[in-house]
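Peer 1: Here it is, the structure, as structure tokens.
The values are calculated or read from the model by the stated rules, or taken from the named source; none is laboratory data. The shown structure was predicted, so the numbers you read here are calculated from the model rather than taken from an experiment. Here the Cβ is made from the backbone with ideal geometry for all residues, glycine too, and neighbour counts use every protein chain on show.
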Amino acid sequence: MATMPGFATGDIGFMPGVIPGLRGPVVHFVRPGESLHQIAWLYHTAVRAIMRANRLRNPNLIFPGQRLLIPGTF
């Protein structure tokens with residue numbers, strides 16, 4: 001299993017992907033040190049897709065505590 005730099009195997013601070021039976025969108029809360037590229041990798045989606053879903057203009061401007069809707073899960 002590949003591990004993204006900065007994350008430990010088994011890290012359960014969030015649940016990537018769609019959870020069976022869960023209704024509504026998956027929301028990711030940005031943690032300190034995370035990048036949009038890491039988040040996209042975790043959810044198996046594209047940076048551009050997250051940017052469109054959240055109306056972001058710059059992939060380098062996300063902040064700890066920010067809520068991001070993950071496309072393809074809502």
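Peer 1: Go over the candidates PRO16, PRO59, PRO71, PRO5 one by one and state the one that is touching a helix residue (DSSP H, G or I) at 6+ places or on another chain (Cβ under 6 Å), at pLDDT below 55 and outside any strand (DSSP E or B).
Peer 2: PRO16 is the lone residue from the list that is touching a helix residue (DSSP H, G or I) at 6+ places or on another chain (Cβ under 6 Å), at pLDDT below 55 and outside any strand (DSSP E or B).
Peer 1: Does the range 22-45 hold any residues that are surrounded by 15 or more Cβ atoms within 10 Å (Cβ to Cβ), modelled with pLDDT of 95 or more and part of a loop (DSSP other than H, G, I, E, B), and which are they?
Peer 2: Correct list: VAL30, ARG31, GLU34, SER35.
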